[in-house]
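Structure first, commentary second.
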Amino acid sequence: MTTKLLEGKKALITGSRRGIGAGIAQLFAEHGADVGINDVVRDDEADKTIAAVESLGRKASWHQADVGNADDRSRMLDEFVAEHGRIDILVNNAVASRDMRFTEITEEFWDHLVGHALKGYLFMAQSVANRMIEHGHGGSIINISSVHSYRAWPHDTVYGIVKAGLNRMVLSMAHDLAGTGITANCVAPGYIDSRVLPEDQESGRGNDEYLGSALGFIPSRRGGLPKDIAGACVFLASDLGEYVNGQTITVDGGFLAGGYPQDSQPLEPGMPGAVE
Amino acid sequence: MGLLDGKKALITGARKGIGRGIALTLANEGADVGINDIVDDEVSQRAAELVSKRGVKGTFHAGDVSTVAGFNAVIDSFLAEHGRIDILINNAIFPDQSRPLFDTDEVFWDRMMDLSLKGYFFGSQRAAKEMIAQGTGGSIVCLASVHAYVGIENWTAYGTAKAGLRRMVKGFAIDLKGHNINANCIAPGAISNRLPDADDDDVIDGAPHDPSRFTSHLPAAKGGLPSDIANAVLYLTSELGQYVNGETILVDGGMIATKKMQD
């Protein structure tokens, strides 16, 4: 890797202990960024992600915080800026969710999911945008959305609403942040194999076994990898994507390009990339 | 070492403007580049030279890509020079694309559709055929437009062709499944596409035209440059964007997001 696209940038990635968030942290570090790793718990996976960033010669700061909690959000950003001096990139990626049948959705479930993945994202983005405006260097804010923002799968009502809300959120951010040098965009992943795998099984990531019957509906004929989502984030956060604003980029191997309704397969419970 | 080392890219309509910006950007990242244009003059030759100056192979392939025979001849010429094709960028368009509705006659309509829909389709079909025969996969990118999304006075024929491209790449994604080819569109907003007036035209960005024209309407607070479009093409053709397929990415500084254009 010699073309480094994020040299010296300071990036906070929420929910980056493992999975897609960890993949973003790693590719950002490969492109020369220092990163903040956030999650609700610190465990072996978190340690591995931090070590991976450090082994690339970049700084990794750890921020234990729940993005659904206002005090946690504000403390996390203060910690991050104290550690890195400023913030150039925010990737809102943390999500806590599970499926719930429409007829059984409870207010508690709604409040939890919306509170984390819509309200939490908005206020995180707002406080980061204000910090970027203070710093005067502009910046890039990226929400991780989903193909669920465009189509329905069984029992994904609240999740889909939240993700559709993120796509809409960046339109207004583009408008209201005009002239600040801050861009706001979403990346909408399809089937991404973000399972925690033993090292000797890494080469099987995204393989046919993971995809099962979904494989036939993905033109790229493989499952997505965390680095595919990370690639879109690098594009948007770097000079390459500085004129992209208010957009949602779908990174799904062509999954949504296909048409017949019966092509839409439910994501299996526990399958990463959609609902965890 | 760049993001496209060793790749072979053909770019249509690349004599100047956005096409030239794409050619130089891909060359900067290590790709050998074939430049196509219907006009063969010193500007065309200069574009190919500017590619070669970057230490990669730069070739020029004159030809009309609005006919199947014309496009095939361009690809034949490119293959004779480069041996294979990894990247096709469909970018060619004639000047003065806007036309009031009742001045849009059959001649104008046919010219528009032949170049920017039929040409793009059959050129992509041929390139995909070569990529499959090579067994190497590849990338196809079509230049769409903000006009594919919204109605803007006097741009109906152009917008119709560009909207067709958005659908076209979905079809290519589906029909090329399993061949490791991704097909996508980039939809530019207001982009400066003039050659710089200066003698030294070894720049990607062209000359800003009427910089006040769009800035007050754009969240980005500035007009776009060919490099903005070229960088999005670079993303889609490099490893960073290989899982993006059948997608159209708007590169418009937020113009469409906020719908302030006609305020």
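How large is the charge dipole for the protein assembly as shown, taken about the Cα centre, if only the Cβ atoms of Lys, Arg (+1) and Asp, Glu (-1) carry charge, to the nearest 20 debye?
Its charge dipole is roughly 420 debye.
If I fit a long axis through the Cα atoms of helix A:19-30 and take the longest principal axis of the Cα atoms of chain A, what angle between them do I get, 0 to 90°, rounded to 10?
Result, in degrees: 40.
Sequence gap at least 6, Cα distance under 8 Å: using those rules, report the relative contact order of the range A:114-227 to the nearest whole percent.
24 percent
If r is the Cβ-Cβ distance from A:Thr103 to B:Arg167 and R0 is 35 Å, what FRET efficiency results, to the nearest 0.05?
E(calc), rounded to 0.05, equals 0.45.
In square nanometres and to one decimal, what's the mean projected area of the convex hull around the Cα atoms of the protein assembly as shown?
So the mean shadow area of the Cα hull is 24.9 nm².
Under a crude label model (7 Å from the Cα following the beta-carbon direction), how far is A:Ala152 from A:Gln201 in nanometres?
Taking the simple label geometry, A:Ala152 and A:Gln201 are separated by 3.4 nm.
Taking the Cα atoms of chain B, what is the range of coordinates along each of the three principal axes, in descending order and whole Å?
50, 42, 35 Å, listed from the longest principal axis down.
Which residues does a label at A:Ser55 reach in the range A:201-232, if reach means a backbone N under 20 Å from a point 7 Å past the Cα toward the Cβ?
Within reach of a label on A:Ser55: A:201-206, A:225-228, A:230-231.
For B:Arg84 and B:Asp175, what does the FRET efficiency come to when R0 = 30 Å and r is the distance between their Cβ atoms, rounded to the nearest 0.05?
0.90
Pairs of alpha-carbon atoms within less than 8 angstrom and 6+ residues apart define the contacts here; what relative contact order does chain B have, in percent?
20 percent
In the range A:45-146, what chymotrypsin sites (Phe, Trp or Tyr not before Pro) fall in a loop by DSSP, with at most 16 other Cβ atoms inside 10 Å?
none
Please give the FRET efficiency for B:Ala133 paired with A:Ala82, using the beta carbon to beta carbon distance and R0 = 45 Å, rounded to the nearest 0.05.
0.20
When the C-alpha atoms of the range B:1-50 are aligned to their principal axes, what extent does each axis show, in angstrom, from largest down?
Principal extents (Cα only, largest first): 32, 15, 15 Å.
Normalised by the residues of chain A, what does the relative contact order come to in percent, with Cα pairs under 8 Å and at least six apart?
20 percent
Loop-only GluC sites (Glu not before Pro) in the range A:1-90, please: DSSP not H, G, I, E or B, and at most 12 other Cβ atoms within 10 Å.
A:Glu7
Against the longest alpha carbon principal axis of chain A, how many degrees, from 0 to 90 and to the nearest 10, is the axis of helix A:70-84 turned?
Relative to chain A, helix A:70-84 is tipped by roughly 50 degrees.
So how much slack lies between B:Glu153 and B:Thr67, counting 0.36 nm per residue of separation and subtracting their Cα-Cα distance, in nm?
The span from B:Glu153 to B:Thr67 would gain 28.1 nm if fully extended.
Looking only at Cα atoms, what is the convex hull volume of the range B:11-152 per residue, in Å³?
113 Å³
What are the equivalent ellipsoid semi-axes of the range A:10-263, built from the alpha-carbon gyration tensor (square roots of five times its eigenvalues), in whole angstrom, biggest first?
Gyration-tensor ellipsoid for the range A:10-263: 27, 22, 19 Å.
We did not get these values from a lab; they are worked out from the coordinates using the rules stated. Since the structure is predicted, the reported quantities are computational estimates derived from the model, not experimental observations. Cβ atoms come from the backbone with ideal geometry, glycine included; neighbour counts cover every protein chain shown.
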